[in-house]
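Peer 1: Questions regarding the structure given below will be posed in turn.
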Amino acid sequence: MENMQHITKLKEIAKDYTILFVEDNHELRKQIDKFLKKLFKEVYTASDGVEGVLEYKKNKPDLILTDLTMPNLSGHDMIRQIKKINPDVEIVILSAHSDSDTLMKSFHIGVSDFIAKPVNATKMIATFLKVLSNLKRREFQFLELAGQDPFEKEIVSESSDEKDDSEILNFIFENSMKIDVINHYKGVPIINSGKIIKIDGDDITLRTTHFQLLAIKEEKQAILDSSLINEDIRCSIVSMNIDEYEVVLRKQELFHPEFKDRNEIVIQPDSKTKAYVFNSDKERFEVKLEAISTKEVFINAVAEKFTYEKHDLIDILIVLSRDEKNTPIDYMRLSSRVYKIKQNDNKSVSVELLIKEKDEVESSLERYIYKRESELIKEFKEKFQYS
Amino acid sequence: MLDIEKKLETLPVLPEKVNHLLNLNHEQNYDTKKLLHIIQNDPILTTRLLELANSKYFGFLNPIYTPGRALSLYGMHFTIAVCIAELVLNSLKFDLKAFGISYFEFKRISDSAFKLLFEWLDETQVDLKEKLILPLFLQYIGKFFISEYIKKENKQENFKLLLENKNESRVEKDFVGISSSELSSIVLKRWGFPQQLVDTVFYIDTPMFLETSVKEVAILNTINQITKLNAPFEVKSIQNGLRSANEFDLNVNRLRDIVHKIEEDFKK
């Protein structure tokens, strides 16, 4: 729960400090203002550079968070004017322009750090923690030099209480942050954003996209994922209001996410795709292809035919399509190693094979997975979205 | 009348990817790696891009198997616009029943409008073409809300009857108090889309009221007339479109030729 500890630590430090937030976009200003108010002692806002300078003069905040592109007076010009008043003030810029010229110019005029738009809570928390820790250290040094005991003022709690996921979900909810909602259709991940609109014990009411609701309805569950949480949350469906894009989910379990990268997508092939395991160069027997990724093949084989053990090397032929005379026209021969064998009953075994010598077949596999993925998305749309 | 405020309060949450894509569109250094990463990790975007790259309207000579190849052929802005349109349209519940349009008909009509935009504007207007893709697709979203309302109020028959003979936006205003393009624009604004896009969509039915970019919006207005949802490529729709192009001093001769070609394909 590293992120939760960061939030807790930031809350403890930031509550002693004041901040000025300068941003011309009303919606963004409102949203971030709400977030900052949860952390800082006092939050002042301004909608452009001129107002920013006035607010600074009036309230002398400890920290400034500012956009760069603004009407009346740009962020850079505002920073120059404020630095003339107080050269030591900590300034963090928030901007969509992350090119090196803009950054160099910003650091040249005394900016402490940079947060790229779109605003990401994790980045914002990490940046504030860094900047405020520096500020705190400077204050300590100052007090020591002044002959005072800096720990008299120190009120940071050392307790590292285990915070559970509920607290993070509440934090996400209170700050109107988006969360990823994950579903699968025959192995293909369907991921859209969602916003928590209510938390009632283990029940979480979310608003998301129509497409995601269809996927939740089909799968009767959903996985919630946020960069603030190390684990994912598996939830079952309680109810759904499709007209208002809402779903009520119930927390079931926390688990470490299996994949978030496309290389890990494991999809179900169509029924026409056949697979064969080679016993020798000439002999082979058919197995059922259960799923495939660019790294692994999952098969189901007749137990008495599959005489291999873990770590054995085997060749597998995957026939993707045949012509009208039943001759394979598109196929892949994969060299693989047995990774896991699970006895289902006396008659069959489920086997996970790791693909070896991936380079040779990578592009064929990649093409196959893109093609199959597209077929499954089209199938999903026709079955659920257009009906 | 349609309670717009209530609708705005219960809009779906747009995927965060939309913001990432909008930001990529505005960055000066084209970050194709970042764009490809977003597409590759979203099977819905991958599917849309490959479908387009292998379609009869926008396809290439050889089959395209990977989104990376499609991106290199289409370029950054085109790809971003297509992806944003796909994400937004999937966020909402598709509903054009009150307009008598199924999803497949809608797809056929909107793709032909897309084709018309691309063929009508020549190679010197690539930037404009790419700029108009998003409003071309996103203008329809207001119709989903209107259709849902008309159905709930049980006014479908009357609505459809009037649509056949009257100006579409006029009929929409009479029934719900707002035209679909105006409603689309309000929704886009609520979602935080750039003001220029919001304005373009707002004035699609009335480009003459714009102070700037009149011709740009008039291009979309003309395309809309020709591909009118309940009468695409019909004689009257084409006549209205050509008249609109003429009024706004657009290239009518080129439009006439292109319409003729696409009309044939559309009716096949």
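Peer 1: Out of (1) in a helix (DSSP H, G or I); (2) more than 7 Å from chain A (Cβ to nearest Cβ); (3) surrounded by 16 or more Cβ atoms within 10 Å (Cβ to Cβ), what's the single condition that is false for B:Glu5?
Peer 2: With (1) in a helix (DSSP H, G or I); (2) more than 7 Å from chain A (Cβ to nearest Cβ); (3) surrounded by 16 or more Cβ atoms within 10 Å (Cβ to Cβ) applied to B:Glu5, the lone miss is (3).
Peer 1: Just to be sure I understand the filter: pairs with C-beta atoms under 6 Å, separated by 6 or more residues or on different chains, first member in the stretch A:51-71 and under 11 Å from A:Thr18 (Cβ atoms), second member β-branched (Val, Ile, Thr) and part of a strand (DSSP E or B). Which pairs pass?
Peer 2: Listed by first residue and then by second, the contacts come to A:Pro61/A:Thr18; A:Pro61/A:Ile19; A:Asp62/A:Thr18; A:Leu63/A:Ile19; A:Ile64/A:Ile91.
Results for (1) touching a Leu at 6+ places or on another chain (Cβ under 8 Å); (2) in a helix (DSSP H, G or I); (3) crowded, with 19+ Cβ neighbours inside 10 Å, shown as yes or no for each residue.
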position	(1), (2), (3)
A:Tyr56	yes, yes, yes
A:Thr69	no, no, no
A:Leu73	no, no, no
A:Ile79	no, yes, yes
A:Lys84	no, yes, no
A:Ile93	yes, no, yes
A:Ser106	yes, yes, yes
A:Lys130	no, yes, no
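Peer 1: Next question. I'd like the full set of residues that are within 11 Å of chain B (Cβ to nearest Cβ), over 18 Å from B:Thr47 (Cα atoms) and crowded, with 24+ Cβ neighbours inside 10 Å, limited to the stretch A:210-232.
Peer 2: Within the stretch A:210-232, A:Leu213 is the sole residue that qualifies.
Peer 1: Pairs please, first residue from the stretch B:109-123 and assigned by TED's automatic domain parsing to the domain that holds B:Pro232, second anywhere and of a type in the set (Phe, Trp, Tyr), Cβ atoms under 6 Å, 6+ apart in sequence or on different chains.
Peer 2: Taking only residues 6 or more apart or on different chains, the pairs are B:Asp111/B:Tyr57; B:Ser112/B:Phe266; B:Lys115/B:Tyr57.
Peer 1: List the residue pairs whose Cβ atoms are under 9 Å apart, where the first residue sits in the stretch A:170-185 and is away from every other protein chain (no Cβ under 13 Å), the second is basic (Lys, Arg) and outside any strand (DSSP E or B), and the two are 6 or more positions apart or on different chains.
Peer 2: A:Phe171/A:Lys38; A:Glu174/A:Lys34; A:Glu174/A:Lys38; A:Asn175/A:Lys34; A:Asn175/A:Lys38
Peer 1: Output yes when any residue across the stretch A:274-293 is away from chain B (no Cβ under 14 Å), closer than 30 Å to A:Leu10 by Cβ and assigned to a loop (DSSP other than H, G, I, E, B), and no when none is.
Peer 2: Step one: of the stretch A:274-293, the residues away from chain B (no Cβ under 14 Å) are A:274-292.
Those left that are additionally closer than 30 Å to A:Leu10 by Cβ: none.
No.
Peer 1: Of the residues B:Leu87, B:Leu14, B:Leu24, B:Leu61, only one is at pLDDT below 90 and either in contact with an Asp or Glu (Cβ under 8 Å, 6 or more places away or on another chain) or facing chain A (nearest Cβ under 9 Å) (or both); which?
Peer 2: Values: B:Leu87 fails: at pLDDT below 90; B:Leu14 fails: at pLDDT below 90; B:Leu61 fails: either in contact with an Asp or Glu (Cβ under 8 Å, 6 or more places away or on another chain) or facing chain A (nearest Cβ under 9 Å) (or both).
Going through B:Leu87, B:Leu14, B:Leu24, B:Leu61 in turn, just one is at pLDDT below 90 and either in contact with an Asp or Glu (Cβ under 8 Å, 6 or more places away or on another chain) or facing chain A (nearest Cβ under 9 Å) (or both): B:Leu24.
Peer 1: Using the structure shown, decide if B:Glu172 is closer than 19 Å to B:Ile101 by Cβ, out of contact with any strand residue (DSSP E or B) (no Cβ under 9 Å at 6 or more places or on another chain), outside any loop (DSSP other than H, G, I, E, B) and of a type outside the set (A, V, I, L, M). Even if it seems obvious, please write down each step before you answer.
Peer 2: Details: closer than 19 Å to B:Ile101 by Cβ: yes; out of contact with any strand residue (DSSP E or B) (no Cβ under 9 Å at 6 or more places or on another chain): yes; outside any loop (DSSP other than H, G, I, E, B): yes; of a type outside the set (A, V, I, L, M): yes.
Spelling it out, B:Glu172 is indeed closer than 19 Å to B:Ile101 by Cβ, out of contact with any strand residue (DSSP E or B) (no Cβ under 9 Å at 6 or more places or on another chain), outside any loop (DSSP other than H, G, I, E, B) and of a type outside the set (A, V, I, L, M).
Peer 1: Tell me which helices (runs of 4 or more DSSP H) are completely within the stretch B:192-268 and hold 3 or more residues being over 23 Å from B:Lys131 (Cα atoms), or say none if there are none.
Peer 2: Working: elements: B:195-202, B:214-226, B:235-247, B:252-267.
Filter on the stretch B:192-268 gives B:235-247, B:252-267.
Peer 1: Here are A:Leu320, A:Leu376, A:Leu365, A:Leu334: which of them is at negative phi, away from every other protein chain (no Cβ under 14 Å) and either assigned to a helix (DSSP H, G or I) or surrounded by 15 or more Cβ atoms within 10 Å (Cβ to Cβ) (or both)?
Peer 2: Working: A:Leu320 fails: away from every other protein chain (no Cβ under 14 Å); A:Leu376 fails: away from every other protein chain (no Cβ under 14 Å); A:Leu365 fails: away from every other protein chain (no Cβ under 14 Å).
When all the criteria are applied, what remains is A:Leu334.
Peer 1: Okay, moving on. Would you mind stating whether B:Leu73 is closer than 26 Å to B:Asp265 by Cβ, without any contact (Cβ under 8 Å) to a residue 60 or more places away in the chain, at the interface with chain A (Cβ under 10 Å from one of its Cβ atoms) and part of a helix (DSSP H, G or I)? Steps first, answer last, please.
Peer 2: On the way: closer than 26 Å to B:Asp265 by Cβ: yes; without any contact (Cβ under 8 Å) to a residue 60 or more places away in the chain: yes; at the interface with chain A (Cβ under 10 Å from one of its Cβ atoms): no; part of a helix (DSSP H, G or I): yes.
Judged against the criteria, B:Leu73 is not a match.
The values are calculated or read from the model by the stated rules, or taken from the named source; none is laboratory data. Predicted, not measured: the structure shown is a model, and the values here were computed from it. Positions of Cβ are backbone-derived with ideal geometry, glycine not excepted, and every protein chain shown enters the neighbour counts.
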